[in-house]
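One structure is given here, and the rest of the page talks about it.
What follows is calculated from the coordinates using simple rules that are stated; it is not laboratory data. For clarity, every value in this text was computed on a predicted model and none was experimentally measured. Cβ: placed from backbone, ideal geometry, glycine included. Neighbour counts: every protein chain shown.
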Amino acid sequence: MVSRVIPVDTFDLVIFGGTGDLARRKILPGLFRRFIAGQMPGDSRVIGAARSDMGDDDYRQLVREAISEFGGQEKSDTANLDAFLGQLHYVQVDATGDGGWSDLSDLMRPDVVRAFYFSVAPSLFGALAERLHNHGIADRHSRIVVEKPLGRDLDGARALNQTLAEHFHEGQIYRIDHYLGKETVQNLMAVRFGNVLFEPLWNNHYVDHIQITVAETVGVGGRGAYYDKSGAMRDMVQNHLMQLVCLIAMEPPGQFEADAVRDEKLKVIRALQSVPAHHIVRGQYEATETEPSYREDADNPRSFTESFIAMRCEIANWRWAGVPFYLRTGKKMRARSSEIAVVFKDLGHSIFEGDVARHRNILSIRLQPNEGIDLQVTIKEPGPGGMRLVDVPLDLTFAEALGEDAEEVPDAYERLIMDVIRGNQTLFMRGDEVEAAWAWTDPIINAWEERSDVPKLYEPGSTGPEDSQMLLHREGRRWRDIKA
Ligand code: NAD
């Protein structure tokens, strides 16, 4: 296959929190894959910056171990790994003190792209931004990368945006939602806006409803204390599911360019209706014989936090009026599976015998596992014996046709980091989007808190509380299966 790697300029990427979980699990293995793909120019550097006292060699060893633990096939490429590690450095810095900042300043080079990944608790963002500015390390071409949680309510998000805005302008701030970096999510935009076929059908005349499911099999385990202050609504819906809703529902932007895309997403968020209580089902997983309950995991016997949520939303605009968007996400579900399904309306009248409603066009966008897009179409079952109809999936990913090797498709983090280096903000959230999303989320959460809403219990390994099925059943619809 012809290489489609687009070169980037030489860069210095500083990872604050370079010894932490996110850096070891995602950022560094991702950078290594981009290195192998030839996207890290030989004189580019990755500089880990954290509190631990260590030298370059200790840090390289830490990264070697991280790649061995969290990397994919590429981890056996030892020659490349040694070369990659040679481009790594480490500086001990204290985000809240003065230690290490002049060392970092001395390391930085002029005339290369400077990017700073804030892979630390958001409470440190302000301190980092201020020191980068005061020590002259960040200039007006530098970029900073931040990610969730971007506040836990509208006030918090506003405060965070203001803090960052004191030292960086919006064009320098890259707010990551890794869902936007997924290959399939971008393919969704290509399918929608690159074909004449879909756009005429993409509205309330032809779409019956949309379903978005993000199901995980893991519980809140080790991060129970953190999660308990958050819950599925804050942790998943306000950001990831909301971004997916935006991409499905937005109007075609004038061009595929950062602000044009983000303007359209913002309009969707602002058009989301408030959701009445009877359109929301919250759940908490129970214990099994061998595994603890949510409350035990969270170490909070009176916790009212939801580890599952299902909801029915509506978007008040001409395109989507009356089309339900059903969202659901949860922990300890039957399978790890994320999917967006655009379910089209029935034919209305069929010239064939049988149950017409059984045959529906469904565009399914699978984010995990087995990323891909397929369109369910109805055809004639092959062979003699009359006109029997059968539904088959039409694969729109064309992996084989494009000679695509799954291992070569960059994962979300590596793609997004390269976009930061390129200075392309299209797949990053703008500050006003984040605030608008909280403005929609806050009243829903406040209402639960005011009435001490108790989540329904559900069995681990299930599809969530029974009531979530009812959310669709009472409207004559059903959730799609959650399957791996
Ligand atoms: P972590 O606790 O594993 O690592 C924190 C890092 O920050 C360490 O390298 C530590 O040395 C450094 N640090 C802490 N205090 C510091 C200080 N005063 N000065 C300099 N460095 C300091 O955390 P994590 O899981 O890597 O998460 C980092 C951020 O990314 C958090 O905001 C988290 O919410 C977010 N995040 C993490 C994940 C994930 O998968 N781990 C996913 C999404 C978002």
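So here's what we get for this one:
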read-out: Extension gain (nm, one decimal) between Leu201 and Ser52, 0.36 nm per residue minus Cα-Cα; value: 48.1 nm
read-out: Rounded tilt (10° steps) of 56-70 against the dominant C-alpha axis of the chain; value: 20 degrees
read-out: Model label zone, Arg358; criterion: amide N under 20 Å from point 7 Å along Cα-to-beta-carbon; scope region 463-484; value: 476-481
read-out: Reachable lysines, given that their alpha-carbon falls under 29 Å from the alpha-carbon of Lys380 and they are not under 8 places away in the same chain; value: Lys345, Lys483
read-out: Total charge dipole magnitude, region 285-340, about the Cα centre, Cβ charges on Lys, Arg, Asp, Glu only, Debye to nearest 20; value: 340 debye
read-out: Magnitude of the charge dipole, the chain, Cβ model with Lys/Arg +1 and Asp/Glu -1, debye to 20; value: 1060 debye
read-out: Reach of Lys229 by Cα under 25 Å, taken over lysines that are not fewer than 8 positions away in the same chain; value: Lys26, Lys148, Lys331, Lys332, Lys456
read-out: Highest average packing first - 235-246, 377-388, Cβ atoms within 10 Å; value: 235-246, 377-388
read-out: For Gln376, residues with placed amide H under 5 Å, excluding near neighbours; value: Ile362, Leu363, Ser364, Leu394
read-out: For region 424-433, Karplus couplings with θ = phi - 60° (6.51, -1.76, 1.60), whole Hz, Gly/Pro x; value: 10, 9, 3, 9, 10, 7, 7, x, 5, 5
read-out: Around Gly322: net Lys/Arg minus Asp/Glu count, Cβ-Cβ under 14 Å; value: +1
read-out: Dipole of the chain, positive direction: furthest Cα of Ala335, Tyr227, Leu427, with charges on the beta-carbon; value: Ala335
read-out: Per-selection Rg to Rh, the chain - Cα, Kirkwood hydrodynamic radius; value: 0.98
read-out: Two-decimal Rg/Rh across region 154-239, once Rg and the Kirkwood Rh are taken from alpha-carbon atoms; value: 1.07
read-out: Positive dipole terminus of the chain, leading residue within Leu394, Val112, Tyr285 (C-beta point charges); value: Leu394
read-out: Quarter of Cα convex hull surface for region 11-147, i.e. mean projection, nm²; value: 7.7 nm²
read-out: The chain: calculated mean residue ellipticity at 222 nm from DSSP helix runs of at least 4, using -39500 (n - 2.57); value: -8500 deg cm²/dmol
read-out: Inter-label distance, nm, simple model (7 Å from Cα along the C-beta direction), Ser350/Ala121; value: 5.8 nm
read-out: Net charge of Cβ neighbours under 9 Å - reference Thr184; Lys, Arg +1; Asp, Glu -1; value: 0
read-out: Ranking of Ser350, Ser462 by count of other Cβ atoms within 10 Å, fewest first; value: Ser350, Ser462
read-out: Leading residue at positive end of dipole, region 43-91 (Cβ point charges), from Phe84, Ile47, Tyr59; value: Ile47
read-out: Karplus 3J(HN,Hα) series, Hz, for region 238-254 with 6.51 cos²θ - 1.76 cosθ + 1.60 (x for Gly, Pro); value: 4, 10, 5, 5, 4, 5, 5, 4, 4, 5, 6, 9, 5, 6, x, x, x
read-out: Burial ranking of peptide ranges 156-164, 44-52 (average Cβ count within 10 Å, highest at the top); value: 44-52, 156-164
read-out: Estimated vicinal HN-Hα couplings, Hz - region 176-193 in sequence order (Karplus 6.51, -1.76, 1.60; Gly, Pro = x); value: 7, 10, 5, 4, 6, x, 6, 3, 5, 5, 6, 5, 4, 5, 5, 5, 5, 9
read-out: Percent RCO, i.e. relative contact order, over the chain, from Cα pairs under 8 Å lying at least 6 residues apart; value: 18 percent
read-out: Proximal charge balance of Trp448 [Cβ under 9 Å; K/R count +1, D/E count -1]; value: -2
read-out: Cβ crowding within 10 Å averaged over residues, with 440-453, 249-262 ranked highest first; value: 249-262, 440-453
read-out: About the Cα centre, charge dipole magnitude for region 11-147 (Lys/Arg +1, Asp/Glu -1 at Cβ), debye; value: 480 debye
read-out: Under-5 Å amide H pairs with Tyr117, H placed in peptide plane, nonlocal only; value: Val14, Ile15, Phe16, Val145
read-out: Percent RCO, i.e. relative contact order, over region 11-147, from Cα pairs under 8 Å lying at least 6 residues apart; value: 32 percent
